[in-house]
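The values are calculated or read from the model by the stated rules, or taken from the named source; none is laboratory data. Computed from a predicted structure; not experimentally measured. Ideal geometry is used to build each Cβ from the backbone, glycine not excepted, and the neighbour counts take in all protein chains shown. The area values use the complete protein model at the heavy-atom level, side chains included, leaving out ligands, DNA and RNA. Shrake-Rupley method; radii C 1.70, N 1.55, O 1.52, S 1.80 Å.
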Amino acid sequence: MKRLMGVIILVLLVGSTLSVISANTFVVAQATEDPYNMFWEILSKEAELVVEANRTGNITIIKELIRNSQLGAENAANLSALIWISIEELKKTGVKLYYTEAELKEMANEIKENGLPEETKSVLREQGWNEEEIKSLEDYIVRHSDDIKGDFNMTEFLEDLSLAFVEVGYKYNKYEAWALKRARWTNSLTPPSLSGDTKMINPLFYDIWLQLYREYNSQNFDNAETLIKKLKRATYLLLFEKRVETPSGEYVLISPTYKLISLNWTKDEGVVFTVIKIGSGVGIRETYYWPNALKAYELMGNVYTLVKSINLGNTNPTLRRMLNQKMAELGDALNVYVIYREIIKRPIYYISISSPIRNNIGSVPLDRRAQRTSSEPDEIEKVASGEYSIGKLVIKDVQVLTKKIDNGRISYNVKIVLVAESNIVKNIRVEIKDSSGDKDEKYIDIIYPQDGETSIVSKEFTLNIPDNSKKIRISGNVMVTYTPGCGNLPTSIKDLAACQDRTTTREYSEIIDISRDPEIEYDKVKFEVVPSPSTVEEGKTVLFKIKVKNDNSQGFTARYSLNIRLPEGEKSCSGEIFIPGNGEFEKGTCKINYSKPGTYGYLGELSYKNYIWDYKGYITVIRESPKGTIRINSILWEPEVPKVNRQVNFKVEVKNEYDTSKTLLVKLFIDGKEIDSAQKVVSGNSAEEFSLTWVPSTSGEHDVLVKVYEVIGNQKLQRAERRDTVAVVSGREGFLPKLEAFPQELEGGGEVTFLVEVWNYNSDRINLKGFCER
């Protein structure tokens, strides 16, 4: 780490800035061992232990790896905090933290001519650099002084570095979970099937989870650190040693009411365990399936990394938002399913779960808050136990889409796939920081769970390709900040941490084969997915077709995939197709039957080499049309004689002759132009009045058209229409004439009848006289 800090800061800033940063960071670091030296020692040991644990599966080595991973995560949290403290200290000193490209080049040229300043060399020697290494650094700066591009923001760089160490902590937590899996999930069982089984927070950990959640919500992070460490330790003992930290003979005491009987690991990184719950002289034997046991263990490590860094002085607001996200993910991962419950009259000391598990809940009453301390839980307990549906955003995938390879450069986009779960998410801010040194930001107002996958594609990034390279690695980081949807929930919970902004991150790294076919220009390929029909009645089948237009002269073989949302989940289909040059290709792929009405999303992808075209759409499923109709009973307006520039109020009565309620949209058109609309739900076999307004700008007769639509999801289906005519007068006119001739065309002579109609809108009688001129 000292080399990383020294090299990067020195190359870009040199001189006094390095001295200030080094002094400030190392003053804090000397409180215990040097965390920078520890970083390299732990990292080196981790690499050795991972290889050895994977090769041998030796339990002693695995335990050592677990301990080293824990030290690594704690060290990363410490370094993240130290770097953040350095930023705060640097700001106080008034040291220059932003350098333009011209200033950086001037500094590099100074080193080119005179070498590194003596004060800088002294700092490097104090950090353990020898004279040969210092000379190599000088030579490196001289060789690359002309490569400096763009300005440099020291504050932003250090903030990113501080967050990067949080991600390092996450990686250590992942290795720790992997070590647990390597030791215990080697001969795992097939997980039980689920069919309407009751879901709840793991009752073995409910008490401590609720305590942790209360401290987190109150921002008492010292207590939260103690509790998350205790929760993780208890989970380790359960998953690794099939016990908890209390000697109690053959029964292992979990809480005052639960005793663990047995535990088996399942192939999906979950566990099935059986406990006996004792109370009031009777026992209840319960078998639970915990599908996300290993994921929950890893998330506990992530929560600990964040809380630890905060407690060590990292006041970066991003960490609080990241903690909000990880606590939400951990709450979901702690859920278990009750797959067997029965009342027993005497204790049973061992129950094997190797045999098929019976799904028999029986008539035993079940409380989702198995350990609740009061008869009426408060809002925090309801949130912690998952009783409210609060929105959560998941980064499902990040892909690098190659755009062009030419003249020693590669251009590409980064595609991020987002999914909303449980409720809406809104105010979504996406930040992409790419290895090219460039970055991009995107914004989405809102994502609904029924949207399925929502894709964002970054701007185009470019990267130089090293000489004679056949492959190149592209990497970066995606950070998404959003507001979870807490709509339709009690107002009292909207100030809780669960409803505050969250941040989720994901790194991406992809090796690109740069020896691709030069004949294929990706912009000349158009891809779409076409459902037939796009609106369908429930129970009917939809055929999804893919259409590709290729304007390249060269044909190519590509792979397609469709991900289709259904009422009961998702369905995917995929395959390979050959797309001819200068031609179009169409293929029917999936046949889908929709069992329930609603609006469902679908996402299609066409991939070739490292490029992906995608297409997103929706399909509306309606109920089978019952007998009935939608009818416009009447169209009335006031005043009866409208005047120019005065508001006219229309009343349209619409009757729903179906047995069920309908959401109806009424639109008013004047002379073919849409003027106003109104929407409401009309009960079955009843009529409703819709109010619309119009302000005429000219006098004379105007055509009135009213259309009624049934609204189903995001579809509007026209059900009725009716026309009328309205006569408008100016404020000065007292009457309005109308002239009609019959017939309007004659052949070879004949008689024409003229009909003159006049409306008197005043209360006084008027005398009129007319004549015809030839």
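Against the criterion of solvent-accessible heavy-atom surface with a 1.4 angstrom probe, I284, I446, I201 sort, most first, into I446, I284, I201. Backbone amide hydrogens, once placed in the peptide plane, bring I612 within less than 5 Å of T402, excluding anything fewer than 5 places away on its chain. Packing around the peptides 465-472, 112-119, taken as the average count of other Cβ atoms within 10 Å per residue, puts them in this order, highest first: 112-119, 465-472. Considering the zone a paramagnetic label at R67 would reach in this model (a point 7 Å from Cα along the Cα-to-Cβ line), which residues of the range 155-184 have amide N under 17 Å from it? Correct set: 176-177, 179-180. In straight-distance terms, cross-link reach from K662 covers every one of the lysines whose alpha-carbon lies under 25 Å from its own, apart from those fewer than eight places away in the same chain; here that gives K540, K596, K627, K651, K680, K707, K716. Within the straight-line cut-off of under 17 Å between alpha carbons, the lysines reachable from K545 are K526, K571, K587, K591, K616, sequence neighbours fewer than 8 places apart in one chain being disregarded.
Between F157 and N582, the C-beta separation translates, for a Förster distance of 35 Å, into a calculated FRET efficiency of about 0.10. In the context of the full set of protein chains, the range 283-339 has a per residue accessible area of 21 Å² (1.4 Å probe). Heavy-atom accessible surface of R719, to the nearest 10 Å², is about 90 Å², with a 1.4 Å probe and all protein chains retained. Net charge of the neighbourhood of V648, taken over other residues with C-beta under 13 Å away and scored Lys/Arg +1, Asp/Glu -1, is -1.
Taking 14 Å as the straight-line reach from the Cα of K149, the aspartates and glutamates in range (excluding those fewer than 8 positions away in the same chain) are E101, E103, E106, D438. Annotation for K524 and T315: the two label points, set 7 Å from Cα along the Cα-Cβ direction, are 5.9 nm apart.
For R233, the solvent-accessible surface computed with a 1.4 Å probe is close to 100 Å², ligands and nucleic acids excluded.
Take each peptide in 492-499, 581-588, count the other Cβ atoms within 10 Å of every residue, and average; sorted highest first, the result is 492-499, 581-588.
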